[in-house]
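Asks: Sharing a structure below in C-alpha cells format, with a few things to ask.
Rule-based calculations on the coordinates, nothing more; no lab input. Since the structure is predicted, the reported quantities are computational estimates derived from the model, not experimental observations. Here Cβ is always computed from backbone atoms with ideal geometry, including for glycine, and neighbour counts include all displayed protein chains.
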Amino acid sequence: MGLSQGYGPADDTESIAAIHAALDAGVTLLDTAISYGQGHNEALVGRAVASSGVPRDNLQIATKFGIVRGDHGVHLDAHPDRVAGYCDESLRRLGTETIDLYYLHRVDPQVPIEESIGAMSELVSRGKVRHLGVSEVTADQLRRAHAIHPIAAVQFEWSLMWREPEVNIVPAARQLGVGLVPYSPLGRGLLGGSLSTTSVAESPFRANDPRFNGSSLTANMRQVDALASFAQSRSMTVAQLALAWLLAQGNDVVPIPGTRNAQRAQENAAAMRYHLEAKDLAALESMVPCKWLGGRPPVLRCTGYHPAITLTVGARPCLETHLLALNAPAASGRASLSKNHRRQGAAEPYWAGAPNTR
C-alpha cells in the first residue's frame, strides 16, 4: 500500500526496484488491492512483474476488492452485480489472466456476505480467480463465507504489538482450516526499528493511529527498544524478530510485511532463516505486553464516504501449494501446510515483504 498511499511520498522507480528485490530474494506472492492508490498499486505490481524476468507461472498474485476510493472519499461496495466488473479491472491493471487469491477487502454492510462470496465463487468457476479470501471479518462472518465457498485465507492485523486476533478470528479460522495472513506484521513500521517522529508525521496512516501519538508513542518506542536488545542478542534485527515470532505461531501463518525499500525487502526475507525456540517465545511473552498503549484505530466499516485511509503489498512463497493445503484441513481441524512449504532450507529464504499496500 505504501507504494501508492498512506506512508508519505513514493517513487515508482524505487517501488518497482523494491518489488524486484523481493522477487530476487525468492518472493513468490505479491499482495495488493484495487483501493491502494485507486488502482495505481495494482498497475505498479503488473509493471514490476512484467519487467522482472520471472515467469508469471512462478508467481502468485493476490488482490482485493470492496473498498472504493474516489474524489470524495472512500466507501464500501461488494454488491454481487459489480464483483465481476471489479475483477476484470484488476486483471487488466495487473496484466494477468488469472488472480491467484481474490479477497473481499471489507464486508459491505448493505450486502449479506453470502451474496458477495457467491458472486466471487462464480469468478472461480470462470477461471478468472483460483482461490477466495476475506479480510477484517468477524468469526461469524468467516463461518458464513466459508459455508458458501471454501475460504483459503483471512487477512487481519496481527503482530507483537496487536494480538487481539488470537482471541477470536485465529481460533475460528483454524477450526475451518483457513490460512492466517497477518498484515502490518511490523506494527505499521513501529517494529521495523527505525521509526522517527518525522516518519510518523509524514504518514497519515500512522498520524491517525493512537499508538503513534504523544505519550503512547513514547511508551511504545521503549517496548521496541527492549525488543531490539533481545533481537541483537540473537544476531537479528527487530523486524526479523517480529516476523520470526509470527512464523513461530504456526505453519498456517503467512505474514505479509510491507516495505518501499529494496534493502528492507532483503532483510525481511532473511527472517525465514531464524527459528524461535520455546524459551525465546516465553521470554518475549514476559518482555512485552499483549496490548500496547494507544489502541487500534477503528476498522473501516461504513455505509457512506469517509476520508481516504490507507492499505499494503506483501509477499509469501509457494501460495499454490499452500492454498491447496488450506482447502484440505487435516484431521486436527488445522491447515495441513507442511514446514517444507514454508522453509525450503534455512539458508535460502523464499519470501519477503514487498511494497506496502494494506
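Asks: What residues have an amide H closer than 5 Å to that of Val74, excluding those fewer than 5 places away on the same chain, when H is modeled at 1.01 Å from N in the peptide plane?
Replies: When sequence neighbours closer than 5 places are left aside, the close amide H contacts are His306.
Asks: Which value, in debye to the nearest 20, describes the size of the charge dipole of region 63-188 about its Cα centre when Lys and Arg Cβ atoms bear +1, Asp and Glu Cβ atoms bear -1, and nothing else is charged? Please report the intermediate quantities before stating the final value.
Replies: Working: 14 positive and 16 negative charges, 62 e Å.
Once rounded to the nearest 20, the dipole reads 300 debye.
Asks: For region 134-186, just the Cα atoms, rotate onto the principal axes and tell me the three extents in Å, largest first.
Replies: So the three principal-axis extents are 33, 16, 15 Å.
Asks: Follow-up question, since we're still on this one. When the dipole is taken about the Cα centre of region 1-153, and only Lys, Arg (+1) and Asp, Glu (-1) are charged at their Cβ, what size is it in debye, to the nearest 20? Numbers along the way, then the final one.
Replies: Details: 13 positive and 20 negative charges, 47 e Å.
The dipole magnitude comes to about 220 debye.
Asks: So what are the ³J(HN,Hα) numbers for region 230-238, from phi and the Karplus equation (6.51, -1.76, 1.60; θ = phi - 60°), rounded to whole Hz, Gly and Pro as x?
Replies: 5, 4, 4, 5, 10, 6, 10, 8, 5
Asks: So which GluC sites (Glu not before Pro) in region 242-291 are both in a DSSP loop and have at most 14 other Cβ atoms within 10 Å of their Cβ?
Replies: Values: sites: Glu267, Glu277, Glu285; in loops: Glu277.
Loop-located and lightly packed - Glu277.
Asks: Quick check: from the Cα gyration tensor, does region 54-103 come out rounded (a/c under 1.5), prolate or oblate? All intermediate terms of the calculation are to be shown ahead of the outcome.
Replies: Values: a/c = 2.53, a/b = 2.06, b/c = 1.23.
Judged from the Cα gyration tensor, region 54-103 comes out prolate (a/c at least 1.5, a/b above b/c).
Asks: Could you go through region 78-88 in sequence order and give the Karplus-derived ³J(HN,Hα) for each residue, using 6.51 cos²θ - 1.76 cosθ + 1.60 with θ = phi - 60°, rounded to whole Hz, and x for Gly and Pro?
Replies: 10, 5, x, 5, 10, 4, 4, x, 4, 5, 4
Asks: What list of ³J(HN,Hα) values in whole Hz, one per residue of region 161-173 in order, does the Karplus curve 6.51 cos²θ - 1.76 cosθ + 1.60 (θ = phi - 60°) give from phi, with Gly and Pro shown as x?
Replies: Computed from phi, the couplings for region 161-173 are 9, 8, 10, 4, x, 5, 8, 10, 5, 5, x, 5, 5 Hz.
Asks: Would region 1-106 count as rounded, prolate or oblate if I go by the C-alpha gyration tensor, calling it rounded below 1.5 in a/c and otherwise prolate when a/b exceeds b/c, oblate otherwise? Don't jump to the answer; show the numbers that get you there.
Replies: On the way: a/c = 2.30, a/b = 1.35, b/c = 1.71.
Because a/c hits 1.5 or more and a/b fails to exceed b/c, region 1-106 counts as oblate.
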